[in-house]
Amino acid sequence: MRVMDLAIIGAGPVGLEAAARASRAGLATVLFDAGAVADHVRAWGWLRLFSPFEWNAGPAGLEVVRGQGGEVPAAATLLTGAELRRRYLLPLAAALRPSVEVREGARVRDVARADRLKGEALGDAARADQPFRLLVEESGAEAEVFARAVFDCSGTYGRPNWAGPGGTPAIGERSARRAIEYRIPDALGAQRGRYAARRTLLLGNGHSAATTACALGSLARAVPGTRFTWASREAHGVPLRAIPDDPLPERVKLTRRANAIAAEPPPGCEWLSRSRLLAVAQVDSRGLEVDLEVGGKVRCDRFDRIVANVGYEPDDRPYRQLQVHACYASLGPMGVSAALLAAQGPQGGAPADCLIGQGALGPETLRNPEPDFFILGAKSFGKNSAFLMRTGYEQVADAFALLGRNTARTAEAR
């Protein structure tokens, strides 16, 4: 039985940084992605990042790319997702392939100990005596892979939240799910035809919803007949509350633009606070009937499109048979969740700020009862959207510092 030193799930920015560190450490490493390298980044590739390139590239990854003679963007450059993928992430993956087994189109369905049940050796380091067994689906077939350590860097972008009351599906939402856009649409670019001269219901009150609102606002002013209703749960005077002393100028601009659109919407458009989706039904190829609760009253309406920018959550199904201590509120690992709550302090309902947790996390927050299993990157934040790639890169360094002696000893022997 061949046993790898490290299996990494997810070939996004954080997974690639982990692979770069593993390569540098001489670990026998396999990197899985259910799609292609940096697929989630490609999905929002038209969006421009708030943060500069130096925050979105990891130290180990930069060392690998530069070691191959590659050029990288200037530190202060604000890249789109597509540019980040093309100019940094894909070159990094290519440079890693000689030393890391990169398997695209390989979905990890389950992770467990090879011969330990979930309830055995509770919190016992002896569980590490058995390697992890990963059940992988690839090209329509299943195979097993064994590894001494596992990093889950698969993110949350592939698992959007439901748009109904309390985070559960609205009536009919399951049936209409394919007709609802849960990601930020490129309404001014590749997907313009889906929203121009049509009526859209936008759900959400975060920066993703604000981005969509700004795009729809611009489209409404440019194309007659384009209308939208922006419905958010919050009961504040503005849809997006400003972050005090925000050091990210582009985020400040977005907040101001979105709030201005809500205050003075284009003709035929509106912003609704204290609202939630109760029911949705697809009545034909273009029409959706919805029931909205607005200020305690039910409003029946019809739209051509629905965009639900209501956030994402981690998929914990692959590691259900491992001893993972998850937060009951965020679904992320308990250590990270507790550290984030402590860093936020007595802010109550203050807007989420991805900079709040900077410096507040550390190696111990990543520990699970399961030895050498780490949840890193956006997935470690669970439902909390206040995540920076830079934080994920710091987590990677911390996780390597915590790797068990068995894995380190194997690498040293090589």
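The values are calculated or read from the model by the stated rules, or taken from the named source; none is laboratory data. Because the structure is a prediction, the values reported are computed rather than measured. Neighbour counts are summed over all protein chains in view; Cβ atoms, including those assigned to glycine, are modelled from backbone coordinates with ideal geometry. The accessibility values were calculated without ligands, DNA or RNA, using every heavy atom of the protein model including side chains. Shrake-Rupley method; radii C 1.70, N 1.55, O 1.52, S 1.80 Å.
Values as computed for the structure displayed
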quantity	calculated
Search result, residues across segment 147-170 that are surrounded by fewer than 17 Cβ atoms within 10 Å (Cβ to Cβ) and outside any loop (DSSP other than H, G, I, E, B)	PRO165, GLY166, GLY167
Filtered residue count, segment 93-146, keeping only those that are without any contact (Cβ under 8 Å) to a residue 60 or more places away in the chain, under 30 Å from GLY70 (Cβ atoms) and open to solvent by 70 Å² or more (accessible area, probe 1.4 Å)	2
Near pairs, Cβ below 7 angstrom, 6+ apart or cross-chain, from segment 325-339 (under 17 Å from GLN395 (Cα atoms) and open to solvent by less than 20 Å² (accessible area, probe 1.4 Å)) to any residue that is among the β-branched types (Val, Ile, Thr) and in a loop (DSSP other than H, G, I, E, B)	PRO333/VAL324
Filtered residue count, segment 217-239, keeping only those that are among the hydrophobic types (A, V, I, L, M, F, W, C) and either in a loop (DSSP other than H, G, I, E, B) or within 26 Å of PRO52 (Cα to Cα) (or both)	3
First in segment 292-307 and open to solvent by 50 Å² or more (accessible area, probe 1.4 Å), second anywhere and not in a strand (DSSP E or B) and not β-branched (Val, Ile, Thr), Cβ under 8 Å, 6 or more apart	GLY296/ARG274; ARG302/GLY287
Counted residues, segment 329-383 - those being at pLDDT below 90 and under 26 Å from VAL252 (Cβ atoms)	21
Residue check, ARG183 without any contact (Cβ under 8 Å) to a residue 12 or more places away in the chain and either surrounded by fewer than 16 Cβ atoms within 10 Å (Cβ to Cβ) or out of contact with any Asp or Glu (no Cβ under 9 Å at 6 or more places or on another chain) (or both)	no
In segment 287-304, the residues that are part of a strand (DSSP E or B) and more than 19 Å from LEU219 (Cβ to Cβ)	GLU289, VAL290, ASP291, LEU292, GLU293, VAL294, LYS297, VAL298, ARG299, CYS300, ASP301, ARG302
Residues that are open to solvent by 60 Å² or more (accessible area, probe 1.4 Å) and in a strand (DSSP E or B), drawn from segment 245-286	ARG276, GLN282
Subset of segment 305-343 (residues that are assigned to a loop (DSSP other than H, G, I, E, B) and among the aromatic types (Phe, Trp, Tyr))	TYR328
Test result for PRO247, at pLDDT below 95 and either under 25 Å from ASP291 (Cα atoms) or of a type outside the set (S, T, N, Q) (or both)	yes
Selection count where residues are in a helix (DSSP H, G or I) and over 10 Å from VAL336 (Cα atoms), scope segment 367-381	3
So ALA242, is it open to solvent by 40 Å² or more (accessible area, probe 1.4 Å), hydrophobic (A, V, I, L, M, F, W, C), closer than 30 Å to PHE53 by Cβ and under 27 Å from the mean Cα position of the chain (by Cα)	yes
Pair list, Cβ < 6 Å and 6+ apart or interchain, from segment 247-269 residues that are over 16 Å from TRP55 (Cβ atoms) to residues that are loosely packed, with under 14 Cβ neighbours inside 10 Å	THR255/ALA242; PRO266/ARG221
Wholly within segment 14-76, helices (runs of 4 or more DSSP H) carrying at least 1 residues that are in contact with a Phe, Trp or Tyr (Cβ under 6 Å, 6 or more places away or on another chain) and crowded, with 20+ Cβ neighbours inside 10 Å	39-43
ALA209 open to solvent by 10 Å² or more (accessible area, probe 1.4 Å), closer than 23 Å to VAL294 by Cβ and not in a loop (DSSP other than H, G, I, E, B)	no
Complete set of residues in segment 154-213 that are basic (Lys, Arg), more than 19 Å from the chain's Cα centre (by Cα) and under 21 Å from LEU254 (Cβ atoms)	ARG192
Qualifying residue in segment 194-202 (condition: surrounded by 14 or more Cβ atoms within 10 Å (Cβ to Cβ), part of a loop (DSSP other than H, G, I, E, B), at pLDDT below 95 and of a type in the set (Lys, Arg))	no
Selection from segment 50-65 of residues that are touching a residue at least 60 places away in the same chain (Cβ under 8 Å) and either out of contact with any Pro (no Cβ under 9 Å at 6 or more places or on another chain) or of a type in the set (D, E, K, R) (or both)	SER51, TRP55, PRO59, ALA60
Unmet criterion (only one of (1) closer than 23 Å to SER51 by Cβ; (2) modelled with pLDDT of 95 or more; (3) within 20 Å of the chain's Cα centre (by Cα); (4) among the basic types (Lys, Arg)) for ARG317	(1)
